[in-house]
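**Student:** Pasting in a structure now, in structure tokens, and then I'll have a few things to ask.
The values are calculated or read from the model by the stated rules, or taken from the named source; none is laboratory data. No experiment lies behind these values; they were computed from the predicted model shown. FYI the Cβ positions are ideal-geometry reconstructions off the backbone, even for glycines, and counts take in every protein chain you see. Please note that ligands, DNA and RNA were not included when accessible areas were found on the heavy atoms of the full protein model with its side chains. Shrake-Rupley method; radii C 1.70, N 1.55, O 1.52, S 1.80 Å.
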Amino acid sequence: MVTSVQISSRASKAKEVIAPSRIAVPKQDLSDELFRLTQRLQTSLELEQILEIFFQHIQQHVSIGGMVYTTPCNQHIKLGRPNIHHVDYQLSRQSNDGDDGLGGIVFSRAKRFAEQELILIESFLGPLIYPLRNALMYREALAAAMCDPLTKTGNRAAMSNALQREIQLANRYHQPLSMMVIDIDHFKAVNDNYGHAAGDDVICSVAKAITTVCRETDLTFRFGGEEFVVLLNKTDAAGARVIAERVRRYIAGLSTKTEQHDIAVTASIGTAELNQDDDSVSLFERADSALYKAKQQGRNQVVSYDLVDDVQRSLLGM
Ligand SMILES: Nc1nc2c(ncn2[C@@H]2O[C@H](COP(=O)(O)OP(=O)(O)OP(=O)(O)O)[C@@H](O)[C@H]2O)c(=O)[nH]1
């Protein structure tokens with residue numbers, strides 16, 4: 001198996017040799033340094049940590065202002081301070097199975113890099129390849145464990161994590177937080193009439209509808225079979241009701257095309273706003289009880305727990 005570090009471009013080629021302060025590393029010392037770096041990189045599987053170790057290590061030998069790593073999914077991780085002179089590397093691992101893209105790294109600083117410095121940087125990139133690949137794989141595995149495979153929204157485990165975090169943030173910054181619980185109406189009939197595969201398609205369309213209507217910062221999870229939970233940060237009860245109504249209408253106007261049929265469904269939605277005494281369980285219970293009410297009252301509607309007064313709640317058994 002061959003590993004390679006490919007250099008895509010050097011945006012800052014040194015035409016003159018700048019006297020670099022810390023690049024005179026004798027051959028034996030360099031191999032010791034590479035060995036030390038390899039050992040340090042092996043201490044973590046966390047991408048951010050690995051990059052931090054790498055950045056700290058390389059700075060001991062080459063003066064670098066900033067480093068930006070871009071993952072193969074185009075996510076940027078920035079360390080230090082970016083500056084005008086930069087050198088870009090595309091990283092990949094060549095194996096018998098083909099080329100494994102590992103993203104790109106940009107190093108930058110205020111003055112040009114000297115050729116010798118670039119050679120040194122390239123030497124240090126070698127030991128980064130395998131730890132980087134392992135960290136990316138670890139990241140992918142973690143993401144897959146939190147993802148619903150059918151709809152690609154978060155799963156229940158992800159919801160539980162996110163809910164704790166969002167409640168903490170809302171309390172710390174005194175910001176409202178609301179929850180929507182969305183359930184497709186009479187979904188059993190969809191499966192019975194059109195088959196389970198068509199039912200799956202409908203679930204995917206509804207998931208897509210929810211993420212289309214909601215903001216990017218809203219967090220959507222598939223809570224169960226045909227039930228979704230959306231966390232609406234910085235959104236109070238009135239705002240949640242508006243969004244829920246928009247989602248309900250959008251779903252009611254949808255038509256899921258399968259090979260033989262166009263399937264239309266509706267959904268019922270319950271919403272609740274976080275209050276001072278709430279924890280994740282009580283918030284969910286209130287949104288879920290509002291959903292239950294929406295089902296009871298005829299489906300294809302939104303019930304907001306907070307916008308129903310106490311008298312109505314007790315009359316409705318909420
Ligand atoms: N196709 C498909 N069906 C699922 C999945 N998960 C759960 N279901 C089905 O979803 C249906 C849920 O039905 P019920 O909970 O009785 O509710 P409903 O028919 O939607 O009726 P209401 O919620 O009362 O409006 C059941 O038939 C489950 O088998 C899934 O991943 N794919």
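**Student:** Per-residue ellipticity at 222 nm for the chain, helices alone: DSSP H runs ≥ 4 residues times -39500 (n - 2.57), over residue total, nearest 500 deg cm²/dmol?
**Tutor:** On the way: 9 runs with 142 residues, N = 318.
So the helix-based figure for the chain works out to -15000 deg cm²/dmol.
**Student:** Over its Cα atoms, what ratio of radius of gyration to 2.2 N^0.38 Å does segment 52-94 give? Don't skip to the end; give the middle numbers.
**Tutor:** On the way: Rg = 11.2 Å, N = 43, 2.2 N^0.38 = 9.2 Å.
Computed over Cα atoms of segment 52-94, the ratio equals 1.22.
**Student:** Gain in length, residue 169 to residue 249, computed as 0.36 nm per residue apart minus the alpha-carbon separation, to one decimal in nm?
**Tutor:** Values: separation 80, 0.36 × 80 = 28.80 nm, distance 3.02 nm.
Extending this stretch completely gives an extra 25.8 nm.
**Student:** For the chain, give the percent of accessible area contributed by carbon and sulfur heavy atoms, probe 1.4 Å, rounded to a whole number. Can you show the working numbers first?
**Tutor:** Values: 8370 of 16640 Å².
Its accessible area is 50 percent carbon and sulfur atoms.
**Student:** What area, in nm² and to one decimal, does the C-alpha convex hull of the chain cast on average over all directions? Don't skip to the answer; put the middle values down first.
**Tutor:** Details: hull surface 87.3 nm².
One quarter of the hull surface, i.e. the mean projection, equals 21.8 nm².
**Student:** If you count only protein heavy atoms with a 1.4 Å probe, what accessible area per residue comes out for segment 156-316, rounded to a whole Å²?
**Tutor:** Working: 8110 Å² over 161 residues.
Per residue, segment 156-316 has an accessible area of 50 Å².
**Student:** Over the chain, what is the relative contact order in percent, taking alpha-carbon pairs closer than 8 angstrom and at least six residues apart? Walk me through the numbers on the way to the answer.
**Tutor:** Values: 550 pairs, mean separation 47.2, N = 318.
Relative CO of the chain lands at 15 percent.
**Student:** How much of the calculated P(r) for segment 50-149 lies past 21 Å, in percent of all Cα pairs? Write out the running numbers ahead of the final one.
**Tutor:** On the way: 1772 of 4950 pairs.
Here the long-distance tail beyond 21 Å is 36 percent of all Cα pairs in segment 50-149.
**Student:** Report the Stokes-Einstein translational diffusion coefficient (µm² s⁻¹, integer) for segment 176-318, Rh taken as the Kirkwood radius over Cα pairs, at 4 °C with viscosity 1.567 mPa s.
**Tutor:** Working: Rh = 15.2 Å.
Translational diffusion coefficient: 85 µm²/s.
**Student:** Here's another thing I want to ask about it. Using the membrane-span-like helix rule (whole DSSP H runs, Cα extent along the own axis of at least 30 Å, mean Kyte-Doolittle hydropathy at least -1.0), which helices of the chain qualify? Write out the running numbers ahead of the final one.
**Tutor:** Working: long enough: 115-145 (44 Å, 0.54).
What comes out of the filter, once short or polar helices are dropped, is 115-145.
**Student:** Another question, then. Quick one: how many lysine pairs in the chain have C-alpha atoms under 29 angstrom apart, if they're 8 or more apart or on different chains?
**Tutor:** Lysine pair count for the chain: 27.
**Student:** Using label points projected 7 Å from each Cα along Cα→Cβ, tell me how many nm separate residue 45 and residue 189, to one decimal.
**Tutor:** Distance between the two pseudo-spin positions: 4.7 nm.
**Student:** Additional query: Figure the gain on full extension for residue 27 and residue 83 (residue separation times 0.36 nm, minus the Cα-Cα span) and round it to one decimal in nm. Spell out each step's value before the answer.
**Tutor:** On the way: separation 56, 0.36 × 56 = 20.16 nm, distance 2.99 nm.
Using 0.36 nm per residue and subtracting the Cα-Cα distance, I get 17.2 nm.
**Student:** Same structure, new question: Just flag the GluC sites (Glu not before Pro) in segment 194-244 sitting in loop per DSSP whose Cβ has no more than 15 other Cβ atoms within 10 Å. Intermediate values should be presented prior to the final figure.
**Tutor:** Values: sites: 216, 226, 227; in loops: 216, 226.
Passing sites in segment 194-244 are 216.
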